[in-house]
Amino acid sequence: MRKDLLRILDLSAREILSLLASGAAWKRRGGRRGAPRPLVGKTLGMIFQKASTRTRVSFEVGMHRLGGHALFMSPEDTQIGRGEPIRDTARVLSRYVDAVVIRTFAHGIAAELAEVSTVPVINGLTDDHHPCQILADLMTAKERGKDLRRMRVAFVGDGNNVANSWVEAAHVLGFPLRIACPKGYEPAKGILDEAEAVGRGDVRIVRDPAEAARDADVLYTDVWTSMGQETEGRARLAAFKGYSVDSALLRMAAGDAVVMHCLPAHRGEEITDEVLEGPNSAVFDEAENRLHVQMAVLDKLIKH
Ligand code: CP
Ligand code: NVA
């Protein structure tokens, strides 16, 4: 594996499948006494420049279960918030900690941190990518019996960081992906091109949610307004009208389709309460699987 996990394209299909298998093994062990603790004495630095519930807590708990320690750093309490360059931060942290998770705005900040750090850097979400989320999503799809090389995935909504990571996963693993989004809200062109160069998937952008959802095995959505886009909130509400994952759309999908959402959800906007709480929904398994698959990532990337 590469030193860092910044995006799904950093992983091969084999590496993804191996992380999912290892995540499933950590899940079976369930943090029991006597479970292996390969990271005793290791510390994970966690730089969070955006809010988080799942990513922060799952990395902290995961590191604890692996026998190590996690250190949360918010911009307010560190010199990062007062403008210390990310390169200097990277050089200093590399002398204290064994890996760093970063959640930030521009993807370039995470990339710069990784370039200068001598320890592994894990992307806990940037404006462009959310690889750990998609690993947990893939683990959940597999648990629900989906074939990761063939399943039909429909992503309905904004072509955001989560959608971009789905595009990359589709190309690395080879499954068909349909993204239904309004004009102007497609995944980033650069990411579509870079992922296509890997060349195994069949990724199409459509306008009609029903066209994407038809016979889908996984029906996925995420918020219409991501962190950092709050000033566009009203315009986005209008632009995404008709792009809700509701019962009518779910009926278009395969009978055993799995509904997924990375959370937090805005019920009544991108997804209805009925679908989120309904029998096809796997959203809380997805949230749980963040913990298990990230334990696999930490175990793999941090030097024992
Ligand atoms: N899905 C996800 O990344 O959630 P948080 O923003 O709570 O970390
Ligand atoms: N697209 C959302 C995901 C949150 C986990 C955001 O970036 O805010």
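Residues in the range 29-85 that are within 21 Å of L301 (Cβ to Cβ) and more than 16 Å from ligand 1 (Cβ to nearest atom): 19 in all. Checked against (1) open to solvent by less than 30 Å² (accessible area, probe 1.4 Å); (2) outside any helix (DSSP H, G or I); (3) closer than 26 Å to E286 by Cβ, V119 meets all criteria but (3).
Exactly one residue out of T225, T126, T140 is among the hydroxyl-bearing types (S, T, Y), assigned to a helix (DSSP H, G or I) and within 14 Å of ligand 1 (Cβ to nearest atom), and it is T140. Out of I102, I86, report the one residue that is more than 16 Å from the chain's Cα centre (by Cα) and either within 18 Å of P120 (Cα to Cα) or of a type in the set (G, A, S) (or both). Criteria check complete, one pass: I86.
Taking the range 254-304 as the range and being in a loop (DSSP other than H, G, I, E, B), of a type in the set (G, A, S) and either without any contact (Cβ under 8 Å) to a residue 40 or more places away in the chain or open to solvent by less than 10 Å² (accessible area, probe 1.4 Å) (or both) as the test, the residues that pass are G255, A257, G268, G278, A282.
Filtering the range 228-253 down to residues that are without any contact (Cβ under 8 Å) to a residue 12 or more places away in the chain and assigned to a loop (DSSP other than H, G, I, E, B), which residue is nearest to I179 (Cα to Cα)?
So the residue we want is K241.
For the criterion of being in contact (Cβ under 8 Å) with a residue 60 or more places away in the chain, aromatic (F, W, Y) and surrounded by fewer than 23 Cβ atoms within 10 Å (Cβ to Cβ), F155 fails. Every residue in the range 1-52 that is touching a helix residue (DSSP H, G or I) at 6+ places or on another chain (Cβ under 9 Å) and of a type in the set (V, I, T), please. Within the range 1-52, I8, I16, T43, I47 qualify.
The values are calculated or read from the model by the stated rules, or taken from the named source; none is laboratory data. Computed from a predicted structure; not experimentally measured. Cβ: placed from backbone, ideal geometry, glycine included. Neighbour counts: every protein chain shown. The area values use the complete protein model at the heavy-atom level, side chains included, leaving out ligands, DNA and RNA. Shrake-Rupley method; radii C 1.70, N 1.55, O 1.52, S 1.80 Å.
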